[in-house]
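Before any comments, here is the structure.
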Amino acid sequence: MKGINKNVKNWIIIIIVLTSFLLWYLTNDYFKRFVSLSITKQNTEIENVNKDMDLSLIWEVYNKIQKEYFSIDGIKNEDLVSWMAKWLVESLWDKHSEYMSKSEKQSFEETLSWDFEWIWAVVEKNDLWVSVSMVIKDSPAKNSWILVWDVITLADWVDLKDKNVYDAVKLIKWKAWTNVKLTIKRVWEPNVFVKEITRQKIVIPSVQSKVLEWTNYWYIALNLFWDNTFEEFKSSLNEMKSKKVDWLIIDLRDNWGWYLQSAVEILSEFVENWKILVKTNYRNEIMDYAYRSTNEWELFDKKIVVLVNWNSASASEITSGALREYNKAILVWEKTFWKWSVQEPFDLSDWGLLKLTIAKWFTPNGLNIDKDWIKPDVEVLFTKDDYEKHYDRQLEEAKKVLKDFIKYDALQLSVDKYKEENKE
């Protein structure tokens, strides 16, 4: 009996070993075939994408450079590849899509992570220096009357010519309460001039409100769309009701946007439940999404005027666009910033970064301002004297527009009457 048990035991061991080997072989073979199929599928997808694209010109130029180009310092292949990637992205003509090399990505991350403060303006590269593209509300730059499209040529007497935007930002940023001297070229000024600005760390409330002096108008400045902005906005509307103020001016100037959901919640105060507020369209249509009003309470039905300017971007444009299309408000403005797209960052094999537009926002009526803009109702531009005297012409004209809106009780008629009454 013991001998039989021993033989059975040996056979069991042999079977286990053979089974294990067979499983290993089959699994390994299947894994190799799976990897092979995956690579083949990936290559096929790449070929399908590129089958109609003739890249022979790129290789022809590249080979000529390798064979004929002379430089004392020489040229590295990785530099050529990096610049090809950069120009490929720039050929999209989308200022929100960008390729960053490894060194540029590092500089970009440093400008975000350093414990430094600055003037709170966004700058972008132009042909020679850097130009101001946005200025935040109540910032050192705004209080010093730095304007959008101002060109900064020097920072503390260091020439920004031919510096990339990240190196320029390093020169403008530093510790809070230190000063920076910026040499500025402005379009209507014959000569450059210098502004000395104190860098600061600023805390900006997302909502500020008050009764405008000598009026029955409630003024709400939405400075940004943050996670608690809707609660603050709702509280301001309740305060408006308690003070028995009847009419509303919403100021979205210098509001860079941020949280889309906050804009949707605020718009729900004015637009009927389930109506579309903004649509997001992707290349893959399955991902398209419509954000709808969630209003299940009383709608705000008073007359509204909305102020916007060059610094009104993203969620600010979504808010003003929806209010205009639903005939809820008259827009008084300069043209807005033109930011109606969604970007996603992708890490690359060269340790660089690709920031790419993956979706576009559309108004309820299907307008995307990347191409068509939002049609203004009343355009009000600051004059040179306004800047010098710190006179808020846009707000003063918004009061006149609201007065007409109350008087005529019809949006387009009010706009027409205002324009007629204010012909130069």
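The values are calculated or read from the model by the stated rules, or taken from the named source; none is laboratory data. Note that the structure is a prediction, hence the values are computed from the model and not measured. Using ideal geometry, Cβ is built from the backbone for each residue, glycine included, and neighbour counts are taken over all protein chains shown.
Across region 358-378, which residue is farthest from the chain's Cα centre (by Cα) among those that are among the β-branched types (Val, Ile, Thr) and either at pLDDT 95 or above or buried (at least 17 other Cβ atoms within 10 Å of the Cβ) (or both)?
The selected residue is VAL378.
Please enumerate the residues belonging to region 194-216 that are out of contact with any helix residue (DSSP H, G or I) (no Cβ under 6 Å at 6 or more places or on another chain) and not β-branched (Val, Ile, Thr).
Selection gives LYS195, GLU196, ARG199, LYS201, PRO205, GLN208, LYS210, LEU212, GLU213, TRP214, ASN216.
Can you tell me which residue in region 269-293 is farthest from PHE233 (Cα to Cα), limited to those that are surrounded by 14 or more Cβ atoms within 10 Å (Cβ to Cβ) and in contact (Cβ under 8 Å) with a residue 60 or more places away in the chain?
My answer is ASN281.
Does any residue of region 226-242 turn out to be surrounded by fewer than 17 Cβ atoms within 10 Å (Cβ to Cβ) and assigned to a strand (DSSP E or B)?
no
When region 186-216 is examined, which residues are found to be in a loop (DSSP other than H, G, I, E, B), over 16 Å from LEU237 (Cβ atoms) and in contact (Cβ under 8 Å) with a residue 60 or more places away in the chain?
TRP188, ARG199, LYS201, ILE202, ILE204, THR215
Among the residues of region 253-295, which ones are touching a Phe, Trp or Tyr at 6+ places or on another chain (Cβ under 9 Å), part of a loop (DSSP other than H, G, I, E, B) and hydrophobic (A, V, I, L, M, F, W, C)?
Listed by number, the residues that qualify are TRP256, PHE270, VAL271.
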